[in-house]
Structure formats: C-alpha cells, structure tokens
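The values are calculated or read from the model by the stated rules, or taken from the named source; none is laboratory data. Everything numeric in this text was worked out from a predicted model, so none of it was measured. All Cβ positions, even for glycine, are placed from backbone atoms using ideal geometry, and neighbour counts span all protein chains on display. Surface areas here come from the heavy atoms of the whole protein model, side chains and all, with no ligands, DNA or RNA. Shrake-Rupley method; radii C 1.70, N 1.55, O 1.52, S 1.80 Å.
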Amino acid sequence: MTTLHRHRARRAPARALAAVLAALALCGAGADRARAQTGAPSAQRAQAGTVWGAVVDAASGLPLAGATVLVHRAGGGPGRPGRVALTDSAGVYSLPPLPTGSYRLEVRLMGYHAESVEVDLREAAAFSVSVGMRVEPIVLEPVRVTAAEAQPFGRTRGPAASGTARVAAERLRQRRHLSSDARALTHADVDEAVTLAEPDLFRALQRAPGVSARDDYSAELWTRGAAWDKTAVHFDGVPLFNPLHAVGAFSAVNGDAVGAASFHPGVQPADAAGGAAALLDLRSRRGGEAGRVRVLADASLVSARAAADGPLPGGRGGWMLAGRRTYLDLVSRRVRGRSFPYAFGDVAGRLDLALGGGAALEASFLADGDRLGGEVDGWVVGTRARWGSRAGRATLTLPLLGGRAWQTAGTSDFALRVDAAGGLPGWDPETGVVNTSGSPFRGQATDHAVRYAFLEGGWEREAAPGAASWSAGYRLASHRAEGGTRGLWPYTRGGEARLDGRLALGSVWSRGRWTPLAGLELDAGLRADAGDPIAGSGRLRLAPRLAARWRARPGLDVSASAGRVFQYAQALSPEGPGLNPVALSGALWRVAGPELPAARSDVATLGAESWLAPGVLASATAYLRRTAGLAVPDPTPSAVGSWTVLDPDLLPFSGRRDRPPFVTGDGRARGLELSVRKLSGRYTGSVAYTLSGSEVRAGGFRYPAPWNRDRSLDVTGLARVLPGLRVGGAYTAASGARYTRFHDGVAQCEPGGECGWVVFPQAGLPARERGAPYRSLDLLADLGGTIRGMEVGVYAQLRNASDRGNPAAYVSSDLRHEIGRCRPEPPRDSCEGREMILAGQDSYSLQGLRRTALVGVRMAF
C-alpha cells in the first residue's frame, strides 16, 4: 500500500524591512509653499528694486491669472506712479525696478475683493510680495450657458498644471459631495501612488484611507473591511462585474479612457445603485477638447497601450478611443517559437455629438478580455480559459423646463468559461477518487455569465451656489446569472455550484439640495426599488440618504451623513486550497432571489476636512456600517478541536462532505481614517492612517472579516528635483489579514493505483488565524521632456525595495503524518497498515512580490 499526501513547497520569510519611506510630502513644506506661491525668480526679477510675486485664491491656493497689479508712491510723493503688471497663467507678476521708498501695491481682479499691501523698499534689492485674494460675488443678469462636464482625471502638462488640476478636482468634489470621505482622483494621484509597472487607478486607490489590498498581486479593493465585490465599479453609470485582468492583478479600465473618477466609501448618491461598501464612479473622457487629433502611448513590461481623440467635423462634438494589450505572448512566439499561454487586452471609446437646440447624444463602451491556453507551472495543467466584460450605453440629453432631461439605455455582462482539456490535478469531483496523474475529469469545468440591462431617465436643474436644486429619475433593470462551476468548488459533492437566477427591478429616485442657514448645506435623497420578491424582504425596498456640511470657518468644513444602499448581485467566494486560479473572488456571481437576499448596508459617517495651507488638505472621518444579507462561505469547521487518530475504515473512500455554496450573514464595520495631502508645488505627497474593525456573523459564528486590515499606514511622495526629473516613493505598512486555516487532505492508494481520501480536506475555525504584517517600499524615477513638439518620458520603478518577504494569499495547511504504524497502547495488536497517525500541522501562503525593477516609456503628440 502506498500513500499520496498533497504537498507544496514552503517559502522562508525574507529579511526584515531595512528602511522606511519618510513623509516626502511634508519635508520642506514651508519652503515648497513659498516656491509654489511665487515661483523661482528670474534674472530680471533679481534686479535691485524689482517687486515680484504671485497672486492666488486665498481659500484654495490656486494661482489667479489676469490679475492687475498696480504700484504707486505712498502718500503721493514724487516718483513714477502707476506702474502696472498682469499676472501670467501661473499667477506670477513682475514690476520694473523701483527707487527706494514707500509704496502701495494694489491687486484687482473681477470677482475678487481688491487687496492693497504697503511695500517699503529701504535698500536696492529684489522684493517679493505675494497676495491672497478673497472671492467677492458679483450679481449679474442671468445668462444660460451649456458647459461641458469637468474632466479632472485627464493627463496634464507639467507639475504646475497637475497641481492646479488636483486642487481644482478636490474643490469640485467638495462642491458636489458634502461627505468628507468622498474622494476625487486625478492622473497625478495615480503617478504619485507608484502603482505596479504602469499607471493603475485601482492600485492607486489602495493608498487611500480605508482601502487595503489582499497582497502584492491583487488590484482588488477591500473597502472598510468588506470583500471586493461589495465595491461597485461603474463606467458611465453602467456596472462592471469583474473589471480586472490577470486573475485580479491589474485594473481592466485604461486610465487614458477616464475623464473623471469619484470614490464614495460611505453614503453614496441617491441616483447611483452602488455597492454595499463603496462606489467607484468612473466617467469616460470626452475627446476633441484640444481642437485637433491627439495621441497618447505607453509601454511597460506588462502591456502596451495607446489612446487617441479628436474633434468631429464642424466642431459638433468629439471622439475618443483607448486600447491596451499585453505583448509577452507575441514576443515569445517570435523569439522562442512558443507563445506564453496568457494574454489580456481592453478597449474603450466615446462619441459626443451635438444635435442642435441644446440636444446632445453621448455613447460610450468598454470591453476587456483575458485568455489562458496551455500550462502554467504549478497552477494549470492543459487548461483553456476565457473571461471578460462588455459594457456600453447611449444617452440622449435635451433641455427641458429650465433644466436638463436625459434618457439612457445600457447593458453590461461578464462571462467566464474554463475547459479542463488536460484534466485538473487532484481528485475526481464525482467519485472523490484521487489520481496521481491528474483528475480524469475532462471537458467543461466552468461556464458562467452575469448579465445586466437597463433603461433610465431623469431630469435635473442646476442652480446657482447657495440656491436650492432638485433632480429625479427612474431606472428599469434586468439582472441575470446563468450557468455555474463544476470542478472548481471545494467541499461540495461533485464539486458543482449552480448560479442561475433572474431579477427584474424598477427604481425611482429623487434628490434635493438646499442651504437652510448660512454656512449649512443639506443634500437629501430617497431611492425606492420594487420588483421580484427576494429573501428577507418583500417587493418594495426604500433607501433614504442624508448628508449635511457646516462651514465652521473659512477652509474648515464639518460633515455628517447617513444612508442605506441595496446590492442585488453578490460574488460567491470559493475559498479553499488547490483551486484553479481563474476561480476569482469576484468572478462567480449570484443574483438576489428566493434563496439569496440583497445585501443591505446602513452607513453613517462623521468627518471634517480643512485646507491647512494653499494646496494642503487634511481630513478625518469616523464611520459605522452594518450590512445584512451577506453571502459568505460556510464558516462551519469540518473538524473542531485537537487532532485525533483516524482509522480509514471510519471514512468512505468516495464522496465528500457537502458544504453549501454560501450562507447568509451580517457584517459590522467601524473605523477612523486620517489623511493629509499636499496636492501642488514642487513637492507633493500624502500620509493616510486607518484604524478599523470589521466582523461577520454567519452560521452561528462571530468572527473577524477576512477582508480587513486592522491598522494601515500609507505614505506617498513625489519631488521635482530637476526640470523634467521627478523622484518619489510610496510606503505601506499594514497589520496581517485574518484567514481560515484549511488542512490538506490525506489519501491512501491501493497497489492497483486507485486512491481514496483517508482524511478529507478540512476547514478550521473561521478567521481564527492572522497573517504576517505587510510592509512595502516602492520607489520611482520619472524623466520627461519635449522633443520636436512631442512629449516623451521614461520611468523606472523598484518594487519592494527593502526586499521584504511579504506573504501573499493564504493557500492551505499540511498535515505531517506517518502511515503503517500502530499506536503503542492497547487494545489493538496490529493495524495492518491501515491506521493513520496525524502528528501536526503547518500553514503557508504564496510568496509576495520580491524586489523587482520595472521600466516603461510614454509619449504624447
């Protein structure tokens, strides 16, 4: 008799973290603030008696172009009064040299209160004077204009422009969303976050407070202790069900296709059917704003991507197209004659067409796909797999009753198909028999799709600041999940999970905003969903929301919000050892119905944010979230207590212990998030700290959520050390994530080769174990310039510069055992090789990304 014991190699931990990234964003902040406001003096400004400086908005720190600066003798003495200068695009002015004496400097700009400063030139030297101006509203006759939506995420030219764009994005976000935890992202935020190999919006969000990641290989977002599928990702209002590439390693949304990105980890807008934990709202980029065709291109060690946009003939609109594809399979085929077995790609586009009379048509789409064919050492044996998403919408906008009305039709789907042509290694899912040469199970292993289609419309009226505004709308939607997985689901008889389901849903929503008192703004909304009955609720579900913000003093806002959201499709997590890597945490979806309730989250936040200095924004937010109707893996242990001696006669050689595909439970999350961000200037950066707790109650157990890190610190920094050269880094330190220990099974094989389970794979107590802490330091050098009118650049990254051996995803545990031996104590005299002695256990994870150098190039023309 022989024995088969599933075993994997273990990785020894790497040496400890050698260095910690200092807060680059805050080092030399005072000197940087002065340079941001005034700029470096030119040779002309350095002349004796020269008066120069900058004019900025006193609240935001943004430079003010076109301001008039006048200087004249104080008290009307002799001299040359009336010298005048205008500020340039950076808000900088310079006056000709003046003789010594006392002067009055006056600054004027329409819409701002005029400012005056006394200047005393006692010696012949350059004199720097910078002025902050306060807004002074001007009452004008109403004029109706049509303005395009802001696109703060687009690429910007130079550090001054990117800093201005980041501050403007945050000011716009503050005007639109009252909650302090809402976040606006720009391309500069992504650059500063030092994302893996190439700009990745999802990975940049992992540096934000309240957001963490599973490991180095995952771009998934764990938002405030919730699983990845509880963060809804919308592209132009269309939900994306699995917007990831490379088994979750990279975002499937090309940043060059994005014009605006808003993140809502708390209370979400009433017009958005978001996720139970958060909403990432992505808006496609309009094309043609440069008035000509413009092309962007990048190439990293992962993929090559390009984007182009331009105006339509006659100036009636614009178009945009962006695509990306890996190229390792193409290069390997040409160099080695054999293709790398994996590739991914995506494409997105948008068309804007003005129809006249204020009417407009918008259309956008996104499609992504991954393909695996062949073998990946240690993971896949002769398996073919394909998965990907498609989403699109068309919107007609018309002026109506002093406001704007729109009608949208859209669709989204995600499909996953796996064909195990060569057999999956391990066990036969129908008989439970283990085969050393791989499972005899062949053919289709997974064929699953989730589909969503909707029709929506609405009306809104934009009002002047401080005036009441109101909007309302509806959405008719159809959810569908089809097929399932067979052979990839652990601990169920036959290894099969069916995911079929349908849900028809109708929603109406209304949202209003007003200012009842000076300095106090309120935003209230209500969403009502009605449709097919689902578990735990009837046909009607109400989701109210309320947010309030009070201006405590100029630059300091205090906010509070509360609201409810329903999520009608949840991804089932096939946790367990030995899974095929395409069994992702967000790939197998089930729609709410008679067996699965909608995930209902009630969220409350209390926060404050303040502009500490021009371009420096600090925020603090406390939150509480309660979620009912969570679909989670069955937490029931298959064996509880210490290890025991098992006789193979006590267990059958075929069949497996059944575990349901999911059980429903409740979740609780609470935490405190702190952050300081320097958004503009020669030095930029951020410091974010999160203290959080999250737990799940399901199956009679109460346990820590496995998607939470109790404490995390993120520090980013980027410095312009030379013209065209930027250096920076990002450091993350987080506590270990919780996990459930899975114990590898043990099988006995007869001399003829047939094997059977002696000890089934077992699950321990839920989330009882904690992984090792996570530490990572990532460095960046970026060099760019202009060659014959074309912007070019090259960047280099050093990932995990301290070479810390961070653990990646937990896999399972091994049993150290001996076979063919008897216990020395009676009553048995002989075991005849049938008794198994279980002597211990070891848990292990995949190894994280070690020190890795990466390079990339980019250009724009």
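So which residues in segment 786-806 are at positive phi and open to solvent by less than 40 Å² (accessible area, probe 1.4 Å), if there are any at all?
Asn800, Asp803
Does any residue of segment 439-452 turn out to be open to solvent by 10 Å² or more (accessible area, probe 1.4 Å), within 30 Å of Arg539 (Cβ to Cβ) and at pLDDT 90 or above?
yes
Does segment 569-584 include one or more residues that are of a type outside the set (A, V, I, L, M, F, W, C), farther than 27 Å from Arg738 by Cβ, at pLDDT 90 or above and in contact with a strand residue (DSSP E or B) (Cβ under 8 Å, 6 or more places away or on another chain)?
No: zero hits.
In segment 283-298, how many are of a type in the set (Gly, Ala, Ser) and open to solvent by 30 Å² or more (accessible area, probe 1.4 Å)?
Total satisfying the criteria: 2.
Against the definition (over 25 Å from the mean Cα position of the chain (by Cα) and either modelled with pLDDT under 95 or more than 30 Å from Leu416 (Cα to Cα) (or both)), how does Asp529 come out, yes or no?
No: the conditions fail for Asp529.
Of the residues Leu301, Leu312, Leu280, Leu240, which is open to solvent by less than 10 Å² (accessible area, probe 1.4 Å) and in contact (Cβ under 8 Å) with a residue 12 or more places away in the chain?
From the options Leu301, Leu312, Leu280, Leu240, the qualifying one is Leu280.
Select from segment 219-228 the residues that are without any contact (Cβ under 8 Å) to a residue 60 or more places away in the chain and either open to solvent by 10 Å² or more (accessible area, probe 1.4 Å) or of a type in the set (Ser, Thr, Tyr) (or both) and list them in ascending order.
Matches in segment 219-228: Thr223 only.
Within segment 730-751, does at least one residue satisfy the condition of being at pLDDT 95 or above and polar (S, T, N, Q)?
yes
For segment 199-236, which positions are polar (S, T, N, Q) and under 23 Å from Leu617 (Cα atoms)?
Gln206, Ser212, Thr223
I'd like to check something: does segment 200-219 contain any residue that is touching a Pro at 6+ places or on another chain (Cβ under 6 Å) and closer than 18 Å to Ala808 by Cβ?
Scanning segment 200-219 turns up no residue that is touching a Pro at 6+ places or on another chain (Cβ under 6 Å) and closer than 18 Å to Ala808 by Cβ.
In segment 532-572, how many are within 25 Å of the chain's Cα centre (by Cα), of a type outside the set (A, V, I, L, M) and open to solvent by 50 Å² or more (accessible area, probe 1.4 Å)?
Adding up the residues that qualify gives 1.
Have a look at Leu783, Leu846 and point out the one that is open to solvent by 20 Å² or more (accessible area, probe 1.4 Å), within 30 Å of Val190 (Cβ to Cβ) and modelled with pLDDT of 90 or more.
Of Leu783, Leu846, the one residue that is open to solvent by 20 Å² or more (accessible area, probe 1.4 Å), within 30 Å of Val190 (Cβ to Cβ) and modelled with pLDDT of 90 or more is Leu783.
Here are some conditions: (1) in a strand (DSSP E or B); (2) more than 22 Å from Arg600 (Cβ to Cβ); (3) not aromatic (Phe, Trp, Tyr). Asp256 meets all but one. Which one does it not meet?
The single condition Asp256 does not satisfy is (1).
Please verify whether Val117 is closer than 28 Å to Thr164 by Cβ, at pLDDT 85 or above, in contact with a helix residue (DSSP H, G or I) (Cβ under 9 Å, 6 or more places away or on another chain) and in a strand (DSSP E or B), treating the condition exactly as stated.
No: the conditions fail for Val117.
Quick one: in segment 181-218, which of the residues that are charged (D, E, K, R) and assigned to a helix (DSSP H, G or I) is most open to solvent (accessible area, probe 1.4 Å)?
Of everything passing the filter in segment 181-218, Asp191 is most open to solvent (accessible area, probe 1.4 Å).
Given the conditions (1) under 25 Å from Ser559 (Cα atoms); (2) modelled with pLDDT under 95, and given that Lys230 satisfies all but one, which numbered condition is not satisfied?
Checking Lys230 against (1) under 25 Å from Ser559 (Cα atoms); (2) modelled with pLDDT under 95, the one that fails is (2).
Using the structure shown, decide if Gly607 is assigned to a strand (DSSP E or B), over 30 Å from Arg486 (Cα atoms) and not aliphatic (A, V, I, L, M).
The answer is yes for Gly607.
Check whether at least one residue in segment 125-144 is surrounded by fewer than 12 Cβ atoms within 10 Å (Cβ to Cβ), in contact with a Lys or Arg (Cβ under 8 Å, 6 or more places away or on another chain), at pLDDT below 85 and in a loop (DSSP other than H, G, I, E, B), and report yes or no.
Scanning segment 125-144, I find no residue that is surrounded by fewer than 12 Cβ atoms within 10 Å (Cβ to Cβ), in contact with a Lys or Arg (Cβ under 8 Å, 6 or more places away or on another chain), at pLDDT below 85 and in a loop (DSSP other than H, G, I, E, B), so the answer is no.
Could you pull out the residue among Leu815, Leu777, Leu765 that is modelled with pLDDT under 90, touching a Phe, Trp or Tyr at 6+ places or on another chain (Cβ under 9 Å) and either under 20 Å from Val687 (Cα atoms) or in a strand (DSSP E or B) (or both)?
Leu815
Checking Leu178 against (1) surrounded by 24 or more Cβ atoms within 10 Å (Cβ to Cβ); (2) over 12 Å from the mean Cα position of the chain (by Cα); (3) of a type outside the set (Val, Ile, Thr): exactly one of these is not met. Which one?
The one condition Leu178 does not meet is (1).
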